[in-house]
Structures are given as structure tokens and as C-alpha cells.
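Chemist: Here's a structure for you.
The values are calculated or read from the model by the stated rules, or taken from the named source; none is laboratory data. Note that the structure is predicted; figures quoted are calculated from it, not measured. Using ideal geometry, Cβ is built from the backbone for each residue, glycine included, and neighbour counts are taken over all protein chains shown. Areas reflect the complete protein model, heavy atoms only, side chains present, ligands, DNA and RNA absent. Shrake-Rupley method; radii C 1.70, N 1.55, O 1.52, S 1.80 Å.
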Amino acid sequence: VQLQASGGGSVQVGGSLRLSCAASGSIFSINVMAWYRQAPGKQRELVAYITRGDSTVLADSVKGRFTISRDNAKNTVYLQMNSLKPEDTAVYYCKWVAGRGVVNDYWGQGTQVTVSS
């Protein structure tokens, strides 16, 4: 099973993008769905995650601008990104944590987001 991230692109400052991450097959007992990003020369950082119970956490740098949500029927997680800034430029990765007892991490391939002024 693989995760497919999509929705990246190039936008100007203040623009919006919505990223999607869907599984190629069935993944059961999903505990957490998360988005990370990695800018050139920087470490990968957590952007947002949503738990099984629909609790959400956002990094301080994106609070008020980004929203994470999921569609259980489609087994898809979204990252709505508004008011984009140049510092949001990065490759965005989705990660799912799933399993009971034995927990597995699933990573998507990454989608590029470029914000230009």
C-alpha cells in the first residue's frame, strides 16, 4: 500500500492550495494522518496532524492559515493552505501511522509547493 500525495504547485504570495493524500489500497486502524514539509537545506518538520478522534494539531507557523481534514469514506487526508508565504515553500509529505499493537508508518512521495513573491 502506498500513499499518493497531490495538489502541489506554484502560487503567488497570498494564494491557496489544497493538498490531498490518498492510499492506493486499504489501510486499517489509522491512528494519525499527518503532513510534514521539508525546505531545501532544512530538516523535515511537522506541519499538522489529525487523530483517529478528529483532534487536530497545527504547527505555530501555519496556525490560522492551514487546515487539516480527512474524508474517511475516501480514506483521504487534506491540507488546505491559505495565505501562503514564501517560507511555506517546501516539499510536502503525508504520513499515516496505523495499526494496533504493531504500528506502521506510511509515507507519501512528496509534492512540491512553491510560493513566489
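Chemist: Whole-Hz Karplus ³J(HN,Hα) for segment 87-92, in order, using 6.51 cos²θ - 1.76 cosθ + 1.60 and θ = phi - 60°, x for Gly and Pro?
Modeler: 6, 7, 4, 4, 8, 9
Chemist: For segment 1-76 and segment 90-114, what is the separation of their Cα centres, given in Å?
Modeler: Between the Cα centres of segment 1-76 and segment 90-114 lies a distance of 8 Å.
Chemist: Tell me, what HN-Hα J-couplings in whole Hz come from the Karplus equation 6.51 cos²θ - 1.76 cosθ + 1.60 at θ = phi - 60° for each residue of segment 10-27, using x for Gly and Pro?
Modeler: 10, 9, 8, 3, x, x, 9, 9, 10, 8, 10, 9, 10, 8, 6, x, 8, 10
Chemist: How much length is gained if the chain between S61 and Q38 is pulled fully straight, taking 0.36 nm per residue apart and subtracting their Cα-Cα distance, in nm to one decimal?
Modeler: 6.9 nm
Chemist: Could I have the simple spin-label model distance between R100 and F28, label points 7 Å from Cα toward Cβ, reported in nm to one decimal?
Modeler: Placing both labels 7 Å along Cα→Cβ, they lie 0.9 nm apart.
Chemist: Let me ask something else about it. How much accessible area per residue does the chain have, counting only protein heavy atoms and a probe of 1.4 Å, in square angstrom?
Modeler: The answer is 53 Å² per residue.
Chemist: If you don't mind, another one. Using a basic spin-label model with each label point 7 Å from the Cα along Cα→Cβ, how many nm lie between S6 and N72?
Modeler: That separation, rounded to one decimal, is 2.4 nm.
Chemist: Per the 1.4 Å probe, what fraction of the accessible area of the chain, in percent, lies on carbon and sulfur atoms?
Modeler: 46
Chemist: Run the simple label-point estimate for E45 and T114 please: 7 Å along Cα→C-beta, distance reported in nm.
Modeler: That separation, rounded to one decimal, is 2.1 nm.
Chemist: Now, a different point. With a cap of 11 neighbouring Cβ atoms within 10 Å, and only residues DSSP puts in a loop, list the trypsin sites (Lys or Arg not before Pro) found in segment 1-98.
Modeler: Answer by residue number: K42, K63, K74.
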